[in-house]
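For reference, the structure discussed in these notes is given below.
The values are calculated or read from the model by the stated rules, or taken from the named source; none is laboratory data. For clarity, every value in this text was computed on a predicted model and none was experimentally measured. Here Cβ is always computed from backbone atoms with ideal geometry, including for glycine, and neighbour counts include all displayed protein chains. Note: accessible area is taken over every heavy atom of the protein model, side chains too, but ligands, DNA and RNA are not part of it. Shrake-Rupley method; radii C 1.70, N 1.55, O 1.52, S 1.80 Å.
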Amino acid sequence: MRILAIDTALEACSASVFDSDDGAIVSQTLPMARGQAEALIPLVRDVVERAGGFSLIDRVATTVGPGSFTGLRVAISAARAFALSLRVPCVGISTLAAIAAPHIDENDGQHVAVAIDARHGHVYFELFSNRGRSIVEAGCIPLREAARVLGPATVKMAGPAAPLLFEEAKAAGTAGQIVDASPAPDIDWVARLGLLADPADSPPRPTYLKPADATPQQNGQIARQ
């Protein structure tokens, strides 16, 4: 099976084509905080053409959040459109799970904590066991609370806000190590998780863990929270 994976949830624009039969991967990531809407389609076209063409794609996967409200809409809309035109299934992958996936190791016994800065002293947070099970479900919580729920065991920390979590956890007496502070998930792992996802249980719908920072006022102007 060949899967097309895309991600614009955080500060990157990424696309990958992964062939599960031979393990071949063609991928590209462009670091960017804005402009994903303009960059995504040309990026996907280039990656897919290098992988052999759209006719070989069997499934589409996209990150569904948490992340930027605008970024999520860009990737999810594009993924749905590609899947519809190709007549293939489309699946949604948690941004937190995609960040955690490369660091989950059944042999080391360590949990993996993923943190993304949600602003105003909060983080998007999820804690995974060394087998990939969610121990603390995804939520938008105060940074201090995220550090508190880690417990006394050594924890691997990943995600853009991993350094913030590390410092808060250290102050609380929790041992931890930062294994990844990249600004966005590895797109190849989005593809791998997309292969495992059941289309019936993983719809490409956005995961919003907090209200939008921008809200309309009565006069039609936008207020930033």
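Within segment 210-220, work out how many residues are open to solvent by less than 50 Å² (accessible area, probe 1.4 Å) and either at pLDDT 95 or above or in a loop (DSSP other than H, G, I, E, B) (or both).
Total meeting the criteria: 3.
Is it true that some residue in segment 67-83 is in contact with a strand residue (DSSP E or B) (Cβ under 6 Å, 6 or more places away or on another chain) and among the aromatic types (Phe, Trp, Tyr)?
yes
Going through segment 133-152 one residue at a time, which ones are in contact with a Ser or Thr (Cβ under 8 Å, 6 or more places away or on another chain) and either assigned to a strand (DSSP E or B) or on the phi < 0 side of the Ramachandran plot (or both)?
Listed by number, the residues that qualify are Ile135, Ala138, Ala147, Leu150, Pro152.
Are there any pairs, at least 6 apart or on different chains, whose C-beta atoms fall under 7 Å, with the first in segment 153-178 and within 13 Å of Ala115 (Cα to Cα) and open to solvent by 60 Å² or more (accessible area, probe 1.4 Å) and the second small (Gly, Ala, Ser) and assigned to a strand (DSSP E or B), and if so, which?
From residues that are within 13 Å of Ala115 (Cα to Cα) and open to solvent by 60 Å² or more (accessible area, probe 1.4 Å), the pairs are Leu164/Ala115.
Take the residues in segment 71-83 that are touching a helix residue (DSSP H, G or I) at 6+ places or on another chain (Cβ under 9 Å) and within 19 Å of Phe18 (Cα to Cα), then tell me which one is surrounded by the most Cβ atoms within 10 Å (Cβ to Cβ).
Ala75
Can you confirm whether segment 127-136 contains a residue that is open to solvent by 30 Å² or more (accessible area, probe 1.4 Å) and either over 25 Å from Leu193 (Cβ atoms) or touching a helix residue (DSSP H, G or I) at 6+ places or on another chain (Cβ under 7 Å) (or both)?
no
In this structure, does Pro183 turn out to be outside any strand (DSSP E or B), touching a residue at least 60 places away in the same chain (Cβ under 8 Å) and surrounded by fewer than 17 Cβ atoms within 10 Å (Cβ to Cβ)?
Yes.
What is the one condition in (1) out of contact with any Asp or Glu (no Cβ under 9 Å at 6 or more places or on another chain); (2) part of a loop (DSSP other than H, G, I, E, B); (3) under 16 Å from Val179 (Cα atoms) that Asn130 does not satisfy?
(1)
Exactly one of (1) over 17 Å from the mean Cα position of the chain (by Cα); (2) open to solvent by 20 Å² or more (accessible area, probe 1.4 Å); (3) without any contact (Cβ under 8 Å) to a residue 60 or more places away in the chain; (4) over 23 Å from Leu30 (Cα atoms) is unmet by Ile104. Its number?
(1)
Please report, ordered by residue number, the strands (runs of 3 or more DSSP E) entirely within segment 1-70 with at least 3 residues that are of a type in the set (A, V, I, L, M) and either buried (at least 24 other Cβ atoms within 10 Å of the Cβ) or in contact with a Phe, Trp or Tyr (Cβ under 6 Å, 6 or more places away or on another chain) (or both).
The strands (runs of 3 or more DSSP E) meeting that bar are 2-7.
Any residue at all in segment 108-119 that is modelled with pLDDT under 95 and within 19 Å of Pro183 (Cβ to Cβ)?
Yes - at least one qualifying residue is present in segment 108-119.
Of the residues Ile116, Ile135, only one is in contact (Cβ under 8 Å) with a residue 24 or more places away in the chain and touching a Gly at 6+ places or on another chain (Cβ under 6 Å); which?
Ile116
Return the only residue of Val155, Val179 being of a type in the set (Val, Ile, Thr) and touching a Gly at 6+ places or on another chain (Cβ under 7 Å).
Unique residue meeting the criteria: Val155.
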